[in-house]
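Peer 1: Quick one: this structure, given as structure tokens, is what I'll be asking you about.
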Amino acid sequence: MDFKKRFKTKNNRQRGFTLVELLLVLVILALIAGLVLPGIIGKAESAKVKAASSQISRISMSVESFYLDTGDTPSTLEDLVNEPSGVTGWNGPYIKNSLLKDPWGQPYQYSVPGEHGDFDILSFGADRQRGGEGKNADITSWE
């Protein structure tokens, strides 16, 4: 009978975590987050640079398609999405309007005639200013 009473009281007691155990788990999670998050954030920025470069290549191909269809380069990138007046042979839209902004939400810079070719397309990068290095470097259609 004594054995049954001990067994019952052990099963009926609720066992929980102590404050020290909870604090230890929180410290371990904070250390892991401190090691992992900087690497993830760095990867996100380099992914934006690659995405901008890819979008510039796609816009360049769209400008060339526009030229093949109309015999002239577009005066603005909007001409790739909406048919400009006075242009014959337009067979667009050549690109989605959403691709006319870089991954940082800024419109791509487009100039025709360009300094480096028939046209130039560039993004100012993460800092949104001309020049810079690393993630802040300009992404261009000519390099």
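Peer 1: Just checking, does the range 79-91 include any residue being part of a helix (DSSP H, G or I), aliphatic (A, V, I, L, M), within 23 Å of LYS43 (Cβ to Cβ) and out of contact with any Cys (no Cβ under 6 Å at 6 or more places or on another chain)?
Peer 2: The answer is no, given that none of the residues of the range 79-91 is part of a helix (DSSP H, G or I), aliphatic (A, V, I, L, M), within 23 Å of LYS43 (Cβ to Cβ) and out of contact with any Cys (no Cβ under 6 Å at 6 or more places or on another chain).
Peer 1: Residues of the range 97-139 being closer than 14 Å to ILE59 by Cβ and of a type in the set (A, V, I, L, M, F, W, C), which ones?
Peer 2: Passing the criteria: LEU99, LEU100, VAL112, PHE119, ILE121, LEU122, ILE139.
Peer 1: Next question, about the same structure. Between a residue in the range 118-133 that is on the phi > 0 side of the Ramachandran plot and any residue that is crowded, with 18+ Cβ neighbours inside 10 Å and outside any loop (DSSP other than H, G, I, E, B), which pairs come within a Cβ distance under 8 Å, given they are 6 or more apart or on different chains?
Peer 2: Partner pairs satisfying both residue conditions: GLY125/VAL49; GLY125/ALA52; GLY125/ILE139.
Peer 1: Would you point out the residue of the range 92-103, among those that are at pLDDT 90 or above and either farther than 26 Å from GLN129 by Cβ or part of a loop (DSSP other than H, G, I, E, B) (or both), that is nearest to the chain's Cα centre (by Cα)?
Peer 2: PRO103
Peer 1: Here's a follow-up. I'd like the full set of residues that are touching a residue at least 60 places away in the same chain (Cβ under 8 Å), over 20 Å from GLY132 (Cβ atoms) and either loosely packed, with under 15 Cβ neighbours inside 10 Å or not polar (S, T, N, Q) (or both), limited to the range 40-62.
Peer 2: Of everything in the range 40-62, those that are touching a residue at least 60 places away in the same chain (Cβ under 8 Å), over 20 Å from GLY132 (Cβ atoms) and either loosely packed, with under 15 Cβ neighbours inside 10 Å or not polar (S, T, N, Q) (or both) turn out to be SER57, ILE59.
Peer 1: Yes or no: the range 62-71 includes at least one residue that is modelled with pLDDT of 90 or more, farther than 21 Å from GLY105 by Cβ and assigned to a loop (DSSP other than H, G, I, E, B).
Peer 2: Within the range 62-71 (the criterion being modelled with pLDDT of 90 or more, farther than 21 Å from GLY105 by Cβ and assigned to a loop (DSSP other than H, G, I, E, B)), the answer is yes, since at least one residue qualifies.
The values are calculated or read from the model by the stated rules, or taken from the named source; none is laboratory data. All values derive from a computational prediction rather than experimental measurement. Counting neighbours? That spans all protein chains shown, and the Cβs are built from the backbone with ideal geometry, glycine included.
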